[in-house]
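Working notes for the structure below.
The values are calculated or read from the model by the stated rules, or taken from the named source; none is laboratory data. What you see is a predicted model; the values in this text were computed from it and never measured. With ideal geometry, Cβ positions are generated from the backbone for all residues, glycine too; neighbour counts draw on all protein chains shown.
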Amino acid sequence: MKWVLPLLVLAGCASEPLRGTGDLGLVVERASGRVMLIETTGRSTLAHIEGLGDLSHASVVFSRDARYGYVFGRDGGLTKVDLLRARIERRIVQSGNAIGGAISQDGRLVAVANYTPGGIRIFDAATLEPLAEVPTGAKVVGIADAPGNRFVFSLFEAGEIWVVDASVPRKPTVEKLKGIGKQPYDGFVTPNGRHYIAGLFGEDGLALVDLWNPQDGARRILDGYGRGEEPLPVFKMPHLRGWAVAGRYIFLPAVGRHEVLVLDSVTWREAARIPVHGQPVFAVAQPGGRRVWVNFAFPRNDAVQVIDVAAMQVVKSLRPGRTVLHLEFTPRGEQAWISSRDDDAVIVYDTSSYAELARLAADKPSGIFLTSRAAMTGF
């Protein structure tokens, strides 16, 4: 009789197939207020998870163990999604208008960046219990996590960068860096966690902060990269992420120009500028750093171009579908996943041959977020 209980337990487990989270991801289906759970090994859709509110500018971060995804909605919603059960674990509406978020280095805290009423709010990652609020009086953009359970972000109207230390979650401390430039619109922390870079919409240039020495303030880099030239109308604000780092180079979409700017992360000077098909929105480095894939703003948003890092030039142009909004790679870079909003599809490419491997139906897809890539890209 002593073997009966273990056998019953094993029999119960056998009826539920076990699955790791390492090849899972979420695709935002912005028109339906839902996310699509996908797996990259078989390139298939596992489930659609409903009830996430306004996802018109949604982003996702993952828990430390990659079991949960935290979805930040434009309506101020913060939704914790269980990837293994394909369901909402908990959802709260914490503001009137949110623009993204970040998870702390130790995985215990989730911070949400808000347009309305501004500021950030910090929550317990396990329960979504509110722990602290940092009011700013301005729209928060470009939030990122940094070593030491810090959150770094920019203030669009105020032209400031704030560094929030949440080591004591209920009593965060704030370091304010002022006069960093006009209208910072996005920002990111480099994968090694040391530098925060904010793009400036109100002027040609970027602001750089050394997070080892934030008291030294922000340094201007790529200052005046469009000086003497008439900028084009900006149809979609470009995005800056640590995905754009390839070796010592950082590939940055130029605002209002048909160029990708290449920044040397050792000297912090311009290394090259690469003519491209249109106004770039995302520049995403393929794992290994040999190539960078770029998508574009309206009206040239049906294309993706591939830049060879060694040659510093475009080597391939693709037409995945209408209104390409986002692209992402599997962690070893053998697949590129691309969302085409107006074709209601996510397209998977082989990155060696550029052959199309799969086309998954999705309702107005935008952001693609993979658990394994999130873990590999660090900060």
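For region 198-213, the condition holds for at least one residue, the condition being that it is at pLDDT below 95, under 18 Å from ALA158 (Cβ atoms) and of a type in the set (Asp, Glu). The selection criterion, being of a type in the set (Asp, Glu), without any contact (Cβ under 8 Å) to a residue 24 or more places away in the chain and either closer than 18 Å to VAL163 by Cα or touching a Pro at 6+ places or on another chain (Cβ under 7 Å) (or both), does not hold for GLU203. Assess whether LEU55 counts as being within 19 Å of the chain's Cα centre (by Cα) and either touching a residue at least 60 places away in the same chain (Cβ under 8 Å) or closer than 20 Å to ILE99 by Cα (or both). Yes. Taking the listed residues VAL174, VAL189, VAL209, VAL262, the one that is over 17 Å from ASP145 (Cβ atoms) and of a type in the set (Val, Ile, Thr) is VAL262, with no other qualifying.
Does ASN213 satisfy the condition of being among the polar types (S, T, N, Q), out of contact with any Ser or Thr (no Cβ under 6 Å at 6 or more places or on another chain) and under 26 Å from GLY288 (Cα atoms)? When the stated conditions are applied, ASN213 does not pass them.
Being buried (at least 22 other Cβ atoms within 10 Å of the Cβ) and either of a type in the set (D, E, K, R) or within 16 Å of the chain's Cα centre (by Cα) (or both) is the requirement here; does ALA218 meet it? So ALA218 fails the test. The residue that is surrounded by the fewest Cβ atoms within 10 Å (Cβ to Cβ), counting only those in region 284-303 that are of a type in the set (Gly, Ala, Ser) and outside any strand (DSSP E or B), is GLY288. The residues of region 345-370 that are outside any strand (DSSP E or B) and either polar (S, T, N, Q) or more than 21 Å from the chain's Cα centre (by Cα) (or both), listed by number, are THR351, SER352, SER353, TYR354, ALA355. Cβ separations smaller than 6 Å between residues 6+ apart or across chains give the following pairs from region 17-29 residues that are in a loop (DSSP other than H, G, I, E, B) to residues that are among the aliphatic types (A, V, I, L, M): THR21/ALA66; THR21/LEU83.
The set of residues from region 82-104 being in contact with a strand residue (DSSP E or B) (Cβ under 6 Å, 6 or more places away or on another chain), outside any strand (DSSP E or B) and more than 17 Å from VAL140 (Cβ to Cβ) comprises LEU83, ALA86. Close Cβ contacts (under 8 Å, 6 or more residues apart or on different chains) running from residues in region 173-197 that are free of Cβ contacts under 8 Å to residues at least 12 places away in the same chain to residues that are surrounded by fewer than 20 Cβ atoms within 10 Å (Cβ to Cβ) and part of a strand (DSSP E or B) comprise THR173/ASP165. Checked against (1) modelled with pLDDT of 95 or more; (2) surrounded by fewer than 17 Cβ atoms within 10 Å (Cβ to Cβ); (3) under 19 Å from the mean Cα position of the chain (by Cα), VAL35 meets all criteria but (2).
Could you check region 92-106 and list, in sequence order, the residues that are surrounded by fewer than 17 Cβ atoms within 10 Å (Cβ to Cβ), of a type outside the set (Val, Ile, Thr) and more than 21 Å from HIS239 (Cβ to Cβ)? Correct list: GLY96, ASP106.
The single residue among THR116, THR45 that is surrounded by fewer than 21 Cβ atoms within 10 Å (Cβ to Cβ), within 21 Å of PHE153 (Cβ to Cβ) and over 17 Å from the mean Cα position of the chain (by Cα) turns out to be THR116. Total residues in region 48-62 satisfying the condition of being buried (at least 19 other Cβ atoms within 10 Å of the Cβ) and among the small types (Gly, Ala, Ser): the figure is 2.
Criterion first (of a type in the set (Gly, Ala, Ser), on the phi < 0 side of the Ramachandran plot, over 23 Å from the mean Cα position of the chain (by Cα) and not in a strand (DSSP E or B)) does GLY226 satisfy it? Spelling it out, GLY226 is indeed of a type in the set (Gly, Ala, Ser), on the phi < 0 side of the Ramachandran plot, over 23 Å from the mean Cα position of the chain (by Cα) and not in a strand (DSSP E or B).
Within region 80-103, count every residue that is touching a Phe, Trp or Tyr at 6+ places or on another chain (Cβ under 7 Å) and free of Cβ contacts under 8 Å to residues at least 60 places away in the same chain. The total comes to 11.
Being of a type in the set (S, T, N, Q) and either crowded, with 22+ Cβ neighbours inside 10 Å or at pLDDT 95 or above (or both) is a condition met by at least one residue of region 71-90.
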